[in-house]
Amino acid sequence: SIKDFCYPFGLFNEKLIDAVEEARYITATTMRRGRALPLSNKLTLPRIPITHHTLPHLFLAKILTKYEDKR
């Protein structure tokens with residue numbers, strides 16, 4: 001079964017968050033830029049943008065350091 005949700009186009013509001021929770025998803029991802037932390041709301045998780053333009057050293061910085069916290 002599917003346990004994780006991604007808001008279409010990253011758009012969400014309280015009503016949609018409630019619907020996602022009612023549908024029993026465990027997590028939901030937004031388009032807000034940033035890292036998920038242990039205390040992050042699991043139904044409004046941010047994401048780190050990685051595209052085909054992301055160079056290898058920047059990829060490592062984004063996932064292994066606090067690089068995204070500075071953005």
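Based on C-alpha pairs under 8 angstrom that are at least 6 apart in sequence, the chain has a relative contact order of 26 percent. The list (1) 45; (2) 36; (3) 39 gives values of percent of Cα pairs over 18 Å apart, and only one came from this structure; which label was calculated from it? Comparing each candidate, only (1) matches the computed number.
Overall, segment 1-51 carries a charge dipole of about 260 debye about its Cα centre when +1 sits on the Cβ of Lys and Arg and -1 on the Cβ of Asp and Glu, all other atoms neutral.
Solvent-accessible area of the chain (1.4 angstrom probe, protein heavy atoms only): carbon and sulfur portion equals 61 percent.
How much length is gained on full extension from Lys15 to Thr65, taking 0.36 nm per residue of separation minus their Cα-Cα distance? Here the answer is 14.6 nm. The HN-Hα couplings worked out from phi for segment 8-21 by the Karplus form 6.51 cos²θ - 1.76 cosθ + 1.60 (θ = phi - 60°) are x, 6, x, 8, 7, 8, 4, 4, 5, 4, 4, 5, 5, 5 Hz, whole numbers, x standing for Gly and Pro.
The values are calculated or read from the model by the stated rules, or taken from the named source; none is laboratory data. Please read all numbers here as calculations on a predicted model, not as lab measurements. Counting neighbours? That spans all protein chains shown, and the Cβs are built from the backbone with ideal geometry, glycine included. Note: accessible area is taken over every heavy atom of the protein model, side chains too, but ligands, DNA and RNA are not part of it. Shrake-Rupley method; radii C 1.70, N 1.55, O 1.52, S 1.80 Å.
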